[in-house]
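Engineer: For reference, the structure I am asking about is given below.
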Amino acid sequence: MALGIGTDPIPLKTDQDGVVRVAGTRVTLDTVVTAFQQGATAEEIAQQFPTVALPDVYAVIGFYLRHRAEVEAYLEEGRQQAEAIRRQHESRLDRQGIRDRLLARRSPQG
């Protein structure tokens, strides 16, 4: 009996915000790759994120290993965007003003 060898599609989809997720889940590519980079096995990742089937975890890890440069560039772009948003939010916050208001609330009102 011959084994029918074909190619299975990679279970990754890009959502409307440009975030790559494991198809049919809310789990991001970043999440799976980060867990893998931190030493988690595919089985551990599947246990941690039960909406992702074990074969899909293996497929995502395989995709990452085959396309490491592109995935790393995607992850770095995401980190840069997150940092830019963080800086933007921090620039809008008046931390001293918040501190002063909180301290004023604590002081006895005469």
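Values in this text are rule-based calculations from the coordinates and carry no lab data. Since the structure is predicted, the reported quantities are computational estimates derived from the model, not experimental observations. With ideal geometry, Cβ positions are generated from the backbone for all residues, glycine too; neighbour counts draw on all protein chains shown.
Engineer: In region 38-89, what residues are exposed (fewer than 11 other Cβ atoms within 10 Å of the Cβ) and in a loop (DSSP other than H, G, I, E, B)?
Structural biologist: Selection gives 38, 39, 50.
Engineer: For residues in region 11-37 being of a type in the set (Val, Ile, Thr) and either farther than 17 Å from residue 72 by Cα or in a helix (DSSP H, G or I) (or both), which is nearest to the chain's Cα centre (by Cα)?
Structural biologist: 31
Engineer: Only one of these conditions is not met by residue 89: (1) in contact (Cβ under 8 Å) with a residue 24 or more places away in the chain; (2) out of contact with any Pro (no Cβ under 7 Å at 6 or more places or on another chain). Which number is it?
Structural biologist: That leaves (1) as the condition not met.
Engineer: Can you name the condition, by its number, that residue 98 falls short on among (1) out of contact with any strand residue (DSSP E or B) (no Cβ under 6 Å at 6 or more places or on another chain); (2) closer than 23 Å to residue 18 by Cα?
Structural biologist: (2)
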